[in-house]
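See below for the structure under consideration.
The values are calculated or read from the model by the stated rules, or taken from the named source; none is laboratory data. Remember, predicted model here, so these are calculated numbers, not experimental data. All Cβ positions, even for glycine, are placed from backbone atoms using ideal geometry, and neighbour counts span all protein chains on display. With ligands, DNA and RNA removed, areas are computed over all heavy atoms of the protein, side chains included. Shrake-Rupley method; radii C 1.70, N 1.55, O 1.52, S 1.80 Å.
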There are 2 protein chains.
Amino acid sequence: MEKLIKVMDQEMQAVGGQKLNLPSLCSAELWRASGRWDQMGPELFRLVDRHNHGYCLGPTHEEVVTALVASQSGLSYKQLPLRLYQVTRKFRDEPKPRFGLLRSREFYMKDMYTFDTSEEAARHTYEQVCAAYCSLFSRLGLRFVKVQAATGSIGGTTSHEFQLPADIGEDRLLLCPQGHFAANVETLNGEQTSCPTCREKLTETKGIEVGHTFYLGTKYSSVANAVFSSSENKPQLAEMGCYGLGVSRILAASIEVLSTEESIRWPSLIAPYQLCFIPPKRGSKEEEGAVLLEQVYDDLAEALPHLAGDLVLDDRTQLTIGKRLKDAKRLGYPYVVVAGKRVCEDPPVFEVWNQNADEVLFLTKEGVIELLSKVQVP
Amino acid sequence: MEKLIKVMDQEMQAVGGQKLNLPSLCSAELWRASGRWDQMGPELFRLVDRHNHGYCLGPTHEEVVTALVASQSGLSYKQLPLRLYQVTRKFRDEPKPRFGLLRSREFYMKDMYTFDTSEEAARHTYEQVCAAYCSLFSRLGLRFVKVQAATGSIGGTTSHEFQLPADIGEDRLLLCPQGHFAANVETLNGEQTSCPTCREKLTETKGIEVGHTFYLGTKYSSVANAVFSSSENKPQLAEMGCYGLGVSRILAASIEVLSTEESIRWPSLIAPYQLCFIPPKRGSKEEEGAVLLEQVYDDLAEALPHLAGDLVLDDRTQLTIGKRLKDAKRLGYPYVVVAGKRVCEDPPVFEVWNQNADEVLFLTKEGVIELLSKVQVP
């Protein structure tokens with residue numbers, strides 16, 4: 001999760017994102033003003049403090065961030081766009097939490113809120129943040145679709161979801177095979193079977209929603225009076241957008257779409273550990289190979305210091321190599337280096353499992369280091 | 001805050017800490033079992049979900065983590081000690097939140113929970129974690145005292161607080177000038193005026209509590225039945241400890257104890273940015289020095305890539321150097337490099353403010369890089 005958050009930080013900061021931390025306890029007053037206190041119904045966790053003031057546990061933070069920006073007096077058009085984001089725990093009283101981290105009542109979300117001087121500027125921001133989301137999923141090696149989406153309780157006029165196609169997904173998507181059209185069926189009025197552009201038959205797939213973007217206009221800024229001084233020195237409402245990525249959900253969804261029956265597969269970039277070393281079984285005739293494998297470990301950590309924290313040595317040498325290799329597959333290391341039979345050759349040869357490519361290579365120490373030198377970590 | 005968390009991660013992982021994430025919504029049932037549901041009174045934020053199940057917002061997580069460990073069947077003495085920690089938002093319904101981040105109702109805390117096979121082992125863990133806390137405060141350059149403390153609602157038999165001496169502090173401490181004795185006055189029965197060891201008169205000081213450690217024994221493990229199999233293969237209750245550091249509070253307390261009237265001072269290691277560059281005022285006769293300063297910026301970022309994200313260029317060149325230097329002091333950069341009058345010399349000389357040492361140096365580009373090469377970031 002920390003690695004995924006690093007990738008998100010990179011993408012958000014590349015489009016001028018500034019990171020902050022908004023409170024989980026959101027005042028009922030703010031939510032009443034926007035109308036969402038009633039609209040959200042039982043999904044909102046509600047409580048009162050010792051002074052009997054009402055709060056909800058923020059499932060999202062449009063009200064809070066807009067109040068923060070509204071409180072900045074003297075905000076000038078020169079200071080916009082503002083692109084504020086956080087990675088924090090969010091709360092939603094799901095009627096049926098399920099599938100582990102895919103749908104839980106507490107989850108981590110990256111949410112960005114943007115403030116622009118005009119609808120045109122806000123639309124430009126919208127395109128930039130969507131492009132950052134595309135870049136993120138591409139870097140993770142996840143096949144995704146960006147579909148037209150409903151705006152729901154958040155509101156606004158334009159909205160897209162980023163979906164990972166998967167049978168377990170709870171959303172139904174209609175896609176043009178040529179890529180002209182992609183929509184969540186809940187946005188469509190009546191039945192649509194062919195692409196409005198090329199007339200090809202739409203295909204249906206299920207998807208896991210991992211991101212959602214909204215062009216909000218002035219829905220929240222008008223309630224909180226979030227204004228800036230225009231170039232004519234007149235107060236003007238900020239044009240807003242909001243953008244969410246499910247942090248904990250992306251972890252679970254990635255495993256869901258990438259894994260096989262035998263092995264967990266993480267997006268390589270964010271695998272908890274890149275590489276597992278498996279020395280020979282204690283008492284086997286290759287036992288002396290353990291020292292040679294540790295030499296690979298040491299030299300690799302020295303040659304590629306950015307990977308030093310990504311290396312695991314499975315020293316449970318009372319277990320067979322086969323048993324430990326099975327465990328390594330279940331844990332999802334992109335690479336496993338085994339000191340097998342050929343470790344006794346001169347020079348020693350190691351068995352390297354590239355799990356995500358599903359191939360086995362036989363490499364010398366130098367070959368292992370060369371192979372791993374291409375591995376990226378965030 | 002992210003830098004401070006990195007330092008904490010280093011210290012906790014150096015003593016075998018494993019990081020996890022426990023829920024904020026803690027089941028009322030667990031808290032009733034430990035007796036704290038009633039004991040905590042109005043400090044606990046309480047709520048119910050849509051099924052009318054009760055929860056509190058975790059101010060601390062002894063119950064939850066102990067239930068987690070208890071659920072691991074087949075835990076062997078060989079797997080202990082377990083040292084589990086998290087850095088998450090905690091909640092406490094303070095009657096009077098005050099002093100910004102020093103006492104707020106939501107705050108970030110680093111909390112570690114340890115599970116050992118015997119009291120002796122748990123006492124050893126206690127010493128190790130306390131030593132890690134000492135190391136942390138030393139690395140931050142913060143003067144601290146470790147004092148005997150009350151166990152309060154957490155319970156257990158041994159407890160210490162880590163306190164930063166400060167007038168604004170809400171705790172009263174009694175200290176032996178020779179270092180034999182240090183206690184929070186709330187732990188003392190009646191008046192104590194001299195050191196029990198050396199008889200010297202105790203001095204009183206106020207302190208800000210920034211860390212708290214507890215030896216818990218089996219208070220929580222006996223309730224949750226958190227057991228391991230002993231070397232005789234018998235179930236045995238784990239001996240526990242818990243250890244907290246106030247993350248957001250340490251930030252505020254550091255500023256409180258280090259700053260002067262004119263300038264904020266952060267612990268150098270975790271300053272948000274290490275270095276601010278101030279180019280000449282637009283239209284001044286040193287204006288051409290801006291290019292030379294940018295050269296320092298570029299060369300520094302290349303020579304010391306770990307500092308690249310720690311450099312700020314204050315390009316508000318419509319403002320005087322004096323005005324921007326004042327702002328830089330208010331923001332707390334440990335170093336400020338100014339292109340002043342001597343930037344026109346050959347080779348150019350830059351004015352370098354070392355804010356924390358309160359000195360000004362005149363250095364060439366090479367001198368600046370040499371000086372900054374000693375700066376550490378986590």
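Quick look at the numbers
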read-out	value
Check on B:S71, more than 26 Å from A:P23 (Cβ to Cβ) and at pLDDT 95 or above	yes
Subset tally (residues that are touching a strand residue (DSSP E or B) at 6+ places or on another chain (Cβ under 8 Å) and open to solvent by 20 Å² or more (accessible area, probe 1.4 Å)) for the stretch A:26-35	2
Residues satisfying the stated conditions in the stretch B:90-102, i.e. touching a residue at least 24 places away in the same chain (Cβ under 8 Å) and open to solvent by 30 Å² or more (accessible area, probe 1.4 Å)	B:R92, B:P95, B:F99, B:G100, B:L101
Candidate set from the stretch B:200-236 (those that are in a loop (DSSP other than H, G, I, E, B) and either at pLDDT below 95 or open to solvent by less than 80 Å² (accessible area, probe 1.4 Å) (or both)); member that is farthest from B:S73 (Cα to Cα)	B:E200
Top-ranked residue of the stretch A:143-158 - restricted to ones that are assigned to a strand (DSSP E or B) and modelled with pLDDT of 95 or more, ranked as surrounded by the most Cβ atoms within 10 Å (Cβ to Cβ)	A:V147
So A:Y273, is it out of contact with any Gly (no Cβ under 7 Å at 6 or more places or on another chain), among the aromatic types (F, W, Y), under 26 Å from A:M8 (Cβ atoms) and outside any strand (DSSP E or B)	yes
Filtered residue count, the stretch B:36-53, keeping only those that are surrounded by 13 or more Cβ atoms within 10 Å (Cβ to Cβ) and without any contact (Cβ under 8 Å) to a residue 40 or more places away in the chain	6
Any hit, the stretch B:135-142, residues being crowded, with 16+ Cβ neighbours inside 10 Å, more than 17 Å from the chain's Cα centre (by Cα) and either assigned to a strand (DSSP E or B) or in the same structural domain as B:D9 (by TED's automatic domain parsing) (or both)	no
For B:V15: the one exception among (1) out of contact with any Cys (no Cβ under 7 Å at 6 or more places or on another chain); (2) at the interface with chain A (Cβ under 8 Å from one of its Cβ atoms); (3) surrounded by 16 or more Cβ atoms within 10 Å (Cβ to Cβ)	(2)
Subset of the stretch A:331-378 (residues that are of a type in the set (F, W, Y) and closer than 19 Å to A:L269 by Cβ)	A:Y333, A:Y335, A:W353
